Amino acid sequence: MRMGIARWRRLSLGERRLVLGCLITAILGAFLALIVVLRLDPDAVFQRPLSLYEQWILVAGAFGGGAGVILARDRLGRAGIIKPLAGLVIMTFVAAIIGGTLALPLYGTMFGPFTLAVIFTASPMIAALWFANGFAVHLMVRSWHSERDSIFGAAPPKPILQSASDQITRLMRFGINP
């Protein structure tokens, strides 16, 4: 236990947030997999314990959710609207494809995204929860991107007033007085 805490403390703030976003999405992925299990067999959980295969479906859903964040992390946390939305779509479909493939190889690759779409249309609250989680992960991954950009030399954007004064200075060099 002590070794895990020491490793956690060695991570930077952005890395901690990325890991936390993966874990939260993995938990939500397991919850969505539990909904799938309950739709297929309503007696599961309430009438009898989960079978080994149903437990595997929960693990597959959790793994798919975490892997979706990892594979979409380059688009999540970026400025603008298009890249984060594309990252959210990628995260959603990758989570469904990986979770479905692990739960039911070959057929699950097709039925994973289909089942997720059915769950989202049948229960808009669950869809809203998933997309709110995606937005939260997007905000958490921003600090990871800013850390990586500072390490690898990308210049932070200039403040708006500074860039405006630079534009005016350039115009004045050419004899244009705004």
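The values are calculated or read from the model by the stated rules, or taken from the named source; none is laboratory data. Bear in mind that the values here come from a model prediction, so they are computed numbers and not experimental data. We place every Cβ from the backbone using ideal geometry, glycine too, and count neighbours over all the protein chains shown. In case anyone asks, the SASA skips ligands and DNA or RNA and just uses the protein heavy atoms, side chains included. Shrake-Rupley method; radii C 1.70, N 1.55, O 1.52, S 1.80 Å.
It is to be established whether one or more residues within the stretch 92-101 are of a type in the set (Ser, Thr, Tyr) and either part of a helix (DSSP H, G or I) or within 13 Å of Val137 (Cα to Cα) (or both).
yes
Spot the failing condition for Pro105; the list is (1) modelled with pLDDT under 95; (2) surrounded by fewer than 19 Cβ atoms within 10 Å (Cβ to Cβ); (3) assigned to a helix (DSSP H, G or I), and only one is missed.
The one condition Pro105 does not meet is (3).
Can you tell me which residue within the stretch 11-54, out of those that are hydrophobic (A, V, I, L, M, F, W, C) and not in a helix (DSSP H, G or I), is nearest to Leu88 (Cα to Cα)? Write out each step before concluding.
In the first step, residues of the stretch 11-54 are kept if they are hydrophobic (A, V, I, L, M, F, W, C); the result is 11, 13, 18-20, 22-24, 26-28, 30-38, 40, 44-46, 50, 52.
With not in a helix (DSSP H, G or I) added as a condition, the list becomes 11, 44-46, 50.
Values: Leu11: 25, Ala44: 31, Val45: 31, Phe46: 33, Leu50: 31 Å.
My answer is Leu11.
Quick grid of which residues meet (1) open to solvent by less than 30 Å² (accessible area, probe 1.4 Å); (2) of a type in the set (A, V, I, L, M, F, W, C):
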{"site": "Thr101", "(1), (2)": "no, no"}
{"site": "Phe111", "(1), (2)": "no, yes"}
{"site": "Thr121", "(1), (2)": "no, no"}
{"site": "Leu129", "(1), (2)": "no, yes"}
{"site": "Ala132", "(1), (2)": "no, yes"}
{"site": "Trp144", "(1), (2)": "yes, yes"}
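Looking for something surrounded by 20 or more Cβ atoms within 10 Å (Cβ to Cβ), within 19 Å of the chain's Cα centre (by Cα) and not aliphatic (A, V, I, L, M) - is there at least one such residue anywhere in the stretch 148-158?
No - not one qualifying residue is present in the stretch 148-158.
Please pick out the residue among Phe46, Phe111 that is at pLDDT below 95 and either within 13 Å of Gly134 (Cα to Cα) or touching a Gly at 6+ places or on another chain (Cβ under 6 Å) (or both).
Numbers: Phe46 fails: either within 13 Å of Gly134 (Cα to Cα) or touching a Gly at 6+ places or on another chain (Cβ under 6 Å) (or both).
Unique residue meeting the criteria: Phe111.
Among the listed residues Leu161, Leu139, Leu85, Leu76, which satisfies the condition of being crowded, with 17+ Cβ neighbours inside 10 Å and modelled with pLDDT under 95?
On inspection, the qualifying residue turns out to be Leu76.
Of everything in the stretch 1-10, what is open to solvent by 70 Å² or more (accessible area, probe 1.4 Å) and assigned to a helix (DSSP H, G or I)? Give them in sequence order.
Arg2, Met3, Ile5, Arg7, Trp8, Arg9, Arg10
Give the residues of the stretch 32-49 that are open to solvent by 40 Å² or more (accessible area, probe 1.4 Å) and either polar (S, T, N, Q) or free of Cβ contacts under 8 Å to residues at least 24 places away in the same chain (or both), sorted by residue number. I'd like the intermediate steps shown before the answer.
The initial filter retains those residues of the stretch 32-49 that are open to solvent by 40 Å² or more (accessible area, probe 1.4 Å), namely 34, 38-43, 45-49.
Hits for the stretch 32-49 are Leu38, Leu40, Asp41, Pro42, Asp43, Val45, Phe46, Gln47, Arg48, Pro49.
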